[in-house]
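Novice: The structure follows.
The values are calculated or read from the model by the stated rules, or taken from the named source; none is laboratory data. All of these numbers come straight from a predicted model, not from anything done at the bench. Every residue, glycine as well, gets a Cβ built from its backbone with ideal geometry; the counts of neighbours run over all protein chains shown. Areas reflect the complete protein model, heavy atoms only, side chains present, ligands, DNA and RNA absent. Shrake-Rupley method; radii C 1.70, N 1.55, O 1.52, S 1.80 Å.
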Amino acid sequence: MRPIHDIFATKSSWTPVALLAISAASLLLPGTIGAQQRDGFIHGTVTTESGEKYTGTLRWGKEEAFWDDLFNSNKEELPWLEEYGEAKGGKTLNVLGRKVKINWGNFGTGRQLVTRFGSLKSIENLGSDEVRLVFRGGEEIIGDGGSNDIGTRITVRDTTLGSVQLDWKRIEKIEFSNTPSGAEVGGYRLSGEVKTRRGSYRGFVQWDSEECLSTDKLDGESRDADHSIEMGKIRAIRRLSSKRSEVELKDGRKLRLEGTNDVDEDIRGILIEDSRYGRVEIGWDDFEEVVFDDQGSSGRAYDELDDEGPLRGRVVTRDGETLSGRLVYDLDEAYRWEMLDGNDGDIAYIIPFALVTEVEPDGDDAARVTLRSGEKLTLEGSHDTNEDNDGVLVLDGNEKDGTLVPWDQIASIRFDN
């Protein structure tokens, strides 16, 4: 067989059809990333304080790299606070027919903003851990610290400069855009099936809250050596005990590894993006094994997420009254791109409200949640799902006045999704 460099040295004699065939075949070569496998990567333009611009796929530290990954921050204010005003003095609201003075200051501090990167239009660095978040639906919210998503280093795979690492303090603004077919990426996205004691989940995998690309490394110690293995070379990981795992490689070899939080109970999270639920975090005690797929999709494109707009629906009270309109859940979440969170044992769910059709309080400690997929979950252990919930505000047609329905008087909340 002729050396491949000799073949391509004579490419001028090839017909356009033949060249197209070679180009298409190259997408199937091991290690290559097809255009359809780039859509899910975060892409945008980063402008620095010096005025320089860097455009390409983006990664937050060693973690988030995809449109359905989650951006976290504290909310500086409640989203509807500007409309209702009197943040410190409170506001008189209609609470099921009774006028009640609400002190918003009791509710407005320490609430987390959690949203997909794909819901954002831009992030502006305001300094002192503050950011202005502009959403695709036009909403603007100020975030203030609350996670390493603010302050971390951003890696840009610039179209001409290659990989550029930018310190957060030098970043002025990040503007998101559709991922072009020729964008540079650092590997393919990990996906597979995660088996637990409570059932199986299928989707995109982020191991130890970090490793999500085929080129990321899993670290561990065997009897013979210290290992740092590319995730794309791993077929499966199985929990053997609290201290060790079995790692099966795609070439058939199996290693028993220990000594790092990649392979023991100190793991920082086994995350899976399951289309039925959104983001699921599996604890080590419930985890049994993950079996990875070969190279495939990178997830939905920037313009394919369907989570814009405010929450709307109906609240049915225990007395049988129905109130309809725009909803503010837990006096906090007001948009379809926000998240409902709760736990089922050692498994945590972070569910976009866009996927939720109904919530029914179930005693003081839990809530029954019905999803668009038809799945039903009973969740507990969070402000969204127990008696600590501050109720649901139902706004009237002009969104100037509202009726607050306390959690213990709610029979069901049905969303117009």
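Novice: Could you give the accessible area per residue of the stretch 271-405, probe 1.4 Å, as a whole number in Å²? Provide the component values of the computation, followed by the final result.
Specialist: Working: 5080 Å² over 135 residues.
Spelled out: the 1.4 Å probe surface of the stretch 271-405, per residue, equals 38 Å².
Novice: Write down the Å³ per residue value for the convex hull defined by the alpha carbon atoms of the stretch 315-360.
Specialist: Values: hull volume 4.4 nm³, N = 46.
So the per-residue Cα hull volume is 95 Å³.
Novice: Note the full-extension length gain between LEU126 and ASP388 as 0.36 nm times their separation in residues minus their Cα-Cα distance, in nm to one decimal. Numbers along the way, then the final one.
Specialist: On the way: separation 262, 0.36 × 262 = 94.32 nm, distance 3.25 nm.
91.1 nm is the gain from fully extending LEU126 to ASP388.
Novice: Rg to Rh for the stretch 323-389: what is it, with Cα atoms only and Rh by Kirkwood? Let's see the in-between values first.
Specialist: Values: Rg = 11.2 Å, Rh = 12.0 Å.
Across the stretch 323-389, the Cα-based Rg/Rh ratio is 0.93.
Novice: With r defined as the distance between the Cβ atoms of GLU288 and LYS243 and R0 fixed at 22 Å, what FRET efficiency is calculated, to the nearest 0.05? Before the final figure, lay out each step's value.
Specialist: On the way: r = 16 Å, r/R0 = 0.73.
With a Förster radius of 22 Å, E is 0.85.
Novice: Once you charge only the Cβ atoms, +1 for Lys and Arg and -1 for Asp and Glu, what is the size of the charge dipole of the stretch 238-309 about its Cα centre, to the nearest 20 debye?
Specialist: 540
Novice: Let me ask something else about it. Under the rule of at least 5 residues apart or a separate chain, name every residue whose amide H is placed under 5 Å from the amide H of LYS121.
Specialist: VAL134, PHE135, ARG136
Novice: While we're on this one: In the stretch 113-171, what percent of the accessible surface is made up of carbon and sulfur (1.4 Å probe, ligands and nucleic acids excluded)? Let's see the in-between values first.
Specialist: Numbers: 990 of 2630 Å².
Accessible surface attributable to carbon and sulfur in the stretch 113-171 totals 38 percent.
Novice: Separate question: Using a Förster distance of 51 Å, how high is the FRET efficiency between ASP167 and ALA411, based on the Cβ-Cβ distance and rounded to 0.05? Each step should come with its number before you reach the end.
Specialist: On the way: r = 51 Å, r/R0 = 1.00.
After rounding to 0.05, the efficiency reads 0.50.
Novice: How large is the accessible surface per residue of the stretch 182-254, computed with a 1.4 Å probe and reported in Å² as a whole number?
Specialist: Values: 3470 Å² over 73 residues.
Computed with neighbouring chains in place, this is 48 Å² per residue.
Novice: To the nearest whole percent, what portion of all C-alpha pairs in the stretch 111-252 is separated by more than 27 angstrom?
Specialist: On the way: 4131 of 10011 pairs.
For the stretch 111-252, the share of Cα pairs beyond 27 Å comes to 41 percent.
Novice: Determine, from the Cβ-Cβ distance of THR160 and GLU308 and an R0 of 41 Å, the FRET efficiency 1/(1 + (r/R0)^6), rounded to the nearest 0.05.
Specialist: Numbers: r = 33 Å, r/R0 = 0.80.
According to the calculation, E is roughly 0.80.
Novice: Give me the percent of the accessible area of the stretch 231-383 that comes from carbon and sulfur atoms, probe 1.4 Å, all protein chains in place.
Specialist: Of all accessible area on the stretch 231-383, carbon and sulfur atoms account for 38 percent.
Novice: Give the peptides 320-327, 385-392 in descending order of average Cβ contacts within 10 Å, highest first. Write out the running numbers ahead of the final one.
Specialist: Numbers: 320-327: 16.2, 385-392: 19.5.
My ranking of the peptides, most packed first, is 385-392, 320-327.
Novice: Next up: How large is ³J(HN,Hα), in whole Hz, for each residue of the stretch 368-384 in order, when computed from phi with the Karplus curve 6.51 cos²θ - 1.76 cosθ + 1.60 and θ = phi - 60°, using x for Gly and Pro?
Specialist: 8, 10, 9, 10, 4, 6, x, 5, 10, 10, 10, 10, 8, x, 9, 4, 6
Novice: In vacuum, with every alpha carbon of the stretch 304-417 counted as one equal point scatterer, what does the Debye formula give for log10 I(q)/I(0) at q = 0.09, 0.13, 0.14, 0.16 Å⁻¹? Two decimals, please.
Specialist: With no solvent term, the Cα-only Debye profile gives -0.20, -0.43, -0.50, -0.66.
Novice: For the stretch 348-381 and the stretch 259-278, compute the distance between their C-alpha centroids and round to whole Å.
Specialist: Distance between centres, Cα-based: 21 Å.
Novice: For the pairs LYS53/LYS217; LYS254/LYS376; LYS53/LYS195; LYS169/LYS243; LYS173/LYS217; LYS62/LYS243, note any where the Cα-Cα span goes beyond 32 Å.
Specialist: Values: LYS53/LYS217 30 Å; LYS254/LYS376 37 Å; LYS53/LYS195 43 Å; LYS169/LYS243 39 Å; LYS173/LYS217 30 Å; LYS62/LYS243 24 Å.
Beyond 32 Å between Cα atoms: LYS254/LYS376; LYS53/LYS195; LYS169/LYS243.
Novice: Something else now. Volume per residue, Å³, of the convex hull around the alpha-carbon atoms of the stretch 181-224?
Specialist: Value for the stretch 181-224: 114 Å³ per residue.
Novice: Give the peptides 209-216, 228-235 in descending order of average Cβ contacts within 10 Å, highest first. Please report the intermediate quantities before stating the final value.
Specialist: On the way: 209-216: 19.9, 228-235: 17.0.
Ranked from most to least packed, the peptides come out as 209-216, 228-235.
Novice: Can you give the extra length, in nm with one decimal, that the chain gains between GLU221 and SER50 once fully stretched, where that is 0.36 nm per residue apart less the Cα-Cα distance?
Specialist: Details: separation 171, 0.36 × 171 = 61.56 nm, distance 4.45 nm.
Taking 0.36 nm per residue and subtracting the Cα distance, the gain is 57.1 nm.
Novice: Let me ask something else. Tell me, what is the Rg over Rh of the stretch 242-351, with Rh the Kirkwood radius over Cα pairs? Provide the component values of the computation, followed by the final result.
Specialist: Details: Rg = 20.1 Å, Rh = 17.8 Å.
Across the stretch 242-351, the Cα-based Rg/Rh ratio is 1.13.
Novice: Can you order the peptides 53-60, 341-348 by their average number of other Cβ atoms within 10 Å per residue, highest first?
Specialist: On the way: 53-60: 21.2, 341-348: 18.1.
In decreasing order of mean packing, 53-60, 341-348 become 53-60, 341-348.
Novice: List residues of the stretch 325-357, by number, whose backbone nitrogen lies under 15 Å from a label position 7 Å along Cα→C-beta of ASP401.
Specialist: Flagged as within label range: none.
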